[in-house]
Amino acid sequence: MPIRLPYQTQAVLFDLDNTLYSREQAFEAWGRSFIKSHIANGDEREIEQRLKQLIAWDNYGMTPREKLFQQVSGAYTGLSAPVEELITAYRQELSLHIMPDESMPGLLLTLKEAAIPFGIITNGSVQNQQRKIRRLGLEQFTSCIFISEAFGVKKPDASIFLAAASCLNTKPEEILFVGDHPYLDMWGAHAIGMKTAWLHSSLPWPADLSSDVADITIDSLHELLALIG
């Protein structure tokens, strides 16, 4: 029996960070390792306090890395490396903590076996996002992968969504977009007529954005797999 997507859509687009893997979990794991390596004889209480501060500075990844590591450099006086070197090391080390959502392989395999086209749209640098994509093994599932730096605009610009729809050879109104960011993902996809599935994680829904922008709300990819499986 063929599977049926919500709203009888014919294709799926995914965000990458905090959708196909937990960026927050990866950042927390990196942060704990970073703090332990830069605090001599730090006890668990101090480590947790510093980790909480680091997560607050990060602000769900919205803080520019230059600003984040300027704060880090000021707080960790033993750091002698320039901010640019700290950022490069961070990006390389963060990728080691990236793990796919436990339901991701099953979900993508289900779509692939059902011949339902899908792709990925992600904001970020080519080098950084490709490193994550390779880490997660996403190239084996789809070739429709759009990285904002390579494409030239970021979500929520309509053109990157339309280009991905064209790559999938599917009309926007026949696509379900799955992502965690209310504005960049949900509003961006909704604005060009796509159906939307908000993956509710740690990022809150903004008070000034209508909840109607999200057609469905899920707490995990497992819920989406259950809907289409």
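The values are calculated or read from the model by the stated rules, or taken from the named source; none is laboratory data. All of these numbers come straight from a predicted model, not from anything done at the bench. For neighbour counting, all protein chains shown are included, and Cβ atoms are generated from backbone atoms with ideal geometry for every residue, glycine included. Heads up: the accessible areas ignore ligands, DNA and RNA and are worked out on the full protein's heavy atoms, side chains in. Shrake-Rupley method; radii C 1.70, N 1.55, O 1.52, S 1.80 Å.
Applying a threshold of 9 Å to beta carbon distances and a minimum spacing of six or more residues, or different chains, the list of pairs starting in region 215-229 at a residue that is closer than 22 Å to Tyr183 by Cα and assigned to a loop (DSSP other than H, G, I, E, B) and ending at one that is open to solvent by less than 30 Å² (accessible area, probe 1.4 Å) and at pLDDT below 90 reads Asp215/Pro6.
Taking (1) free of Cβ contacts under 8 Å to residues at least 60 places away in the same chain; (2) open to solvent by 20 Å² or more (accessible area, probe 1.4 Å) in turn, Thr196 satisfies each apart from (2).
Of all residue pairs spaced 6 or more apart or on separate chains, those with beta-carbon atoms under 9 Å, a first member in region 49-68 that is free of Cβ contacts under 8 Å to residues at least 24 places away in the same chain and a second member that is acidic (Asp, Glu) and open to solvent by 30 Å² or more (accessible area, probe 1.4 Å) are Leu51/Glu28; Leu54/Glu28; Glu66/Glu84. Checking each residue in region 179-189 for being open to solvent by less than 30 Å² (accessible area, probe 1.4 Å) and either assigned to a helix (DSSP H, G or I) or modelled with pLDDT under 95 (or both) picks out Pro182, Asp185, Met186, Gly188, Ala189. Of everything listed in (1) touching a Phe, Trp or Tyr at 6+ places or on another chain (Cβ under 9 Å); (2) closer than 28 Å to Asp157 by Cα, the single unmet condition for His97 is (2). Can you tell me which residues in region 199-214 are open to solvent by less than 50 Å² (accessible area, probe 1.4 Å) and either more than 13 Å from the chain's Cα centre (by Cα) or closer than 14 Å to Ala11 by Cα (or both)? Residues satisfying the conditions are Pro206, Leu209, Val213, Ala214.
Look at region 21-35: where a residue is surrounded by fewer than 19 Cβ atoms within 10 Å (Cβ to Cβ) and a partner is not in a helix (DSSP H, G or I), sitting 6+ places away or on another chain with Cβ atoms under 6 Å, you get Glu24/Ser202; Ala29/His97.
Selection of region 129-161 for residues being in contact (Cβ under 8 Å) with a residue 24 or more places away in the chain, open to solvent by less than 50 Å² (accessible area, probe 1.4 Å) and of a type in the set (A, V, I, L, M) yields Ile133, Leu136, Leu138, Ile145, Ile147, Ala158, Ile160.
Each residue in region 69-90 was checked for being in a loop (DSSP other than H, G, I, E, B) and either touching a residue at least 24 places away in the same chain (Cβ under 8 Å) or charged (D, E, K, R) (or both), and 3 pass.
Of all residues in region 60-76, one or more are exposed (fewer than 15 other Cβ atoms within 10 Å of the Cβ) and among the acidic types (Asp, Glu). Is there a residue in region 99-109 that is more than 25 Å from Ser201 (Cα to Cα) and open to solvent by 30 Å² or more (accessible area, probe 1.4 Å)? No, there is no match, as no residue in region 99-109 is more than 25 Å from Ser201 (Cα to Cα) and open to solvent by 30 Å² or more (accessible area, probe 1.4 Å). A count restricted to region 111-168 and to residues that are of a type in the set (A, V, I, L, M, F, W, C), on the phi < 0 side of the Ramachandran plot and in a loop (DSSP other than H, G, I, E, B) stands at 6.
Quick check: is even one residue across region 170-178 surrounded by 21 or more Cβ atoms within 10 Å (Cβ to Cβ) and assigned to a helix (DSSP H, G or I)? The answer is yes; a qualifying residue exists.
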